[in-house]
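First the structure, in the form of structure tokens, and then the observations on it.
Bear in mind these aren't lab numbers, they're just calculated from the coordinates by the rules spelled out. Predicted model only: the values in this text are computed from it and were never measured. Ideal geometry is used to build each Cβ from the backbone, glycine not excepted, and the neighbour counts take in all protein chains shown.
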Amino acid sequence: MRRVLSLDDYLRLLPKTELHCHFVSTMSAGMLIAQAERHGVPLATTDPAALFDYRDLADFLVAFEAAHQVLRTPDELAAVAYDGVRAAAAAGALRYREYFVNPQSFAEVGLGYRPLMDGVIEGLRRAEADFGVGFSVIVAIRKDVTPQQAVELVRLVADEPYPEVVGIGADYLTAEGTEDPARFADAYALAKRLGYATTIHAGETPNAGPEDVRAALDVLHVDRIDHGYRVVDDPDLLARVVDEQVPFDATPISTTICSGWELGPDHRLARLIASGANVNISTDDAVFFRTDLGREYRERLVALGVDAATARRLALSGVEAAFCSPDAKAALRARFQGELLALDAALEPSTA
């Protein structure tokens, strides 16, 4: 007898990429608490149930910064990397992931670029061998540094090359609490000249606007936009990104915490998807937002009004928007198509 998949099972088993994942936020609550105790790093609480309670984005960034302070050695980084992949593969059928790593944050506790990358990449390589989950790394500029410090970071990445480090991004907020992508024009121009793919957090926060997305496109000339939801507030810009099929790395659950938006058919992300924009789905900060890739699809996309066909499109969009090599992308595309054939055949006709 042929097994029939429910929509919930279909969305859970759907093969997925994750192009917007901050490395330290794949660390479990238990590991974060243990590491903080080991290194004498104060936390707001040592209660795992309350550790990831935040009022807003600024409150989250306090915990995010503490997570960088508790990882001091390559072995500790490798353990976080490996365990994070294992959890994501089990919960959300993860097949490929790109990680934001902030060398400027780790440097504050004395961890240099090479031991940082050696630890992260060693753990991810072991996980790829054991679980079949491919990966790439995006070095992220902190927006609260100076433009010159951003340029220096890009030069460091080029001077210490790793084949797995394929892109430059930027996260955090500026010292003034703004997004201000244009501030880092020189760093992004250098990254482009050096052959790195580029992306940036823009149009995410309540005090941001579509002009931040426009600056990312027209000043920085990025290849992808992280978040970008405010683009729907400007009809002309929205029409442009749909026409140009600019990839948007979206993270549904994080918007309820960082921007205070309720998930529903009127959510900016729902409107972005409905417009025909090129959207893919990630967790942003998986453990730190008490989510996983399976939950983003099974619960939050459904809350946004997304059906099985649209979820399938979003999953495939993640393959095409990935920064991996052409050969790796071709292999990933073929893997997705094969898995989707079986899933589509088993899906309940009423939900197809």
ask   = In a shell of Cβ-Cβ distance under 15 Å around Pro103, excluding Pro103 itself, what net charge do Lys and Arg (+1) and Asp and Glu (-1) give?
value = -4
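Determine the sum of side-chain charges near Ser275: Lys and Arg each +1, Asp and Glu each -1, restricted to other residues whose C-beta is under 15 angstrom from that of Ser275. It would help to have the intermediate numbers written out before the result.
Values: positive: Arg230, Arg240, Arg268, Arg271, Arg313; negative: Asp233, Asp234, Asp236, Asp243, Glu244, Asp266.
Taking every Cβ under 15 Å from that of Ser275, the sum is -1.
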request  = With no solvent and one equal point scatterer placed on each C-alpha of the range 246-352, evaluate the Debye formula and give log10 I(q)/I(0) for q = 0.16 Å⁻¹, two decimals.
outcome  = -0.77
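Taking the Cβ of Asp47 as the center, what net charge do the other residues with Cβ under 15 Å away carry, scoring Lys and Arg +1 and Asp and Glu -1? Please report the intermediate quantities before stating the final value.
Working: positive: Arg290; negative: Glu37, Asp53.
Taking every other residue near Asp47 into account, the sum is -1.
Mind sorting Ser282, Ser325 by how few other Cβ atoms lie within 10 Å of their own Cβ, fewest first?
Details: Ser282 26, Ser325 12.
Fewest-to-most Cβ neighbours within 10 Å comes out as Ser325, Ser282.
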key: Relative contact order for the chain, counting Cα pairs under 8 Å that sit 6 or more residues apart, in percent   = 22
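Neighbouring Cβ atoms within 10 Å as the yardstick, rank Arg230, Arg86 fewest first. Show your work: numbers first, answer last.
Values: Arg230 24, Arg86 15.
The most exposed by this proxy come first: Arg86, Arg230.
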inquiry  = So I have (1) 69, 17, 16; (2) 29, 24, 21; (3) 39, 21, 18, and one of them is semi-axes √(5λ) of the Cα gyration tensor in Å calculated from this model. Which one is it?
reply    = (2)
request  = Give, to the nearest whole percent, the P(r) tail of the range 43-121 beyond 22 angstrom, counting all Cα pairs.
outcome  = 36
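Give the order of Thr146, Thr199 when sorted by the count of other beta carbons within 10 angstrom, beginning with the fewest.
Values: Thr146 11, Thr199 29.
Neighbour counts put them in this order, fewest first: Thr146, Thr199.
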